[in-house]
């Protein structure tokens, strides 16, 4: 799979504007950011728990 170029990103943004409209996009971006932040925190917590288990068994 190749990386996305500038033209592809512009096309995606244009299609998103057509589908959701300019008023909804900031809300969608904020929701996506919050979701990614929560996922990152959850996975970090899982990794920390795994490290603690390894330390306890040693």
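We did not get these values from a lab; they are worked out from the coordinates using the rules stated. Only a predicted model underlies this, so the values are computations on that prediction, with no experimental measurement involved. Methodologically, a virtual Cβ is constructed for each residue, glycine included, from the backbone with ideal geometry; neighbour enumeration extends over all protein chains shown.
Key figures
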| quantity | calculated |
| --- | --- |
| The chain: angle of helix 25-57 to the longest principal axis, Cα-based, in degrees nearest 10 | 10 |
| Simple spin-label estimate for residue 17 and residue 41 in nanometres, 7 Å along Cα-Cβ | 3.3 |
| In degrees, nearest ten, helix 6-20 long axis to first principal axis of the chain (Cα) | 80 |
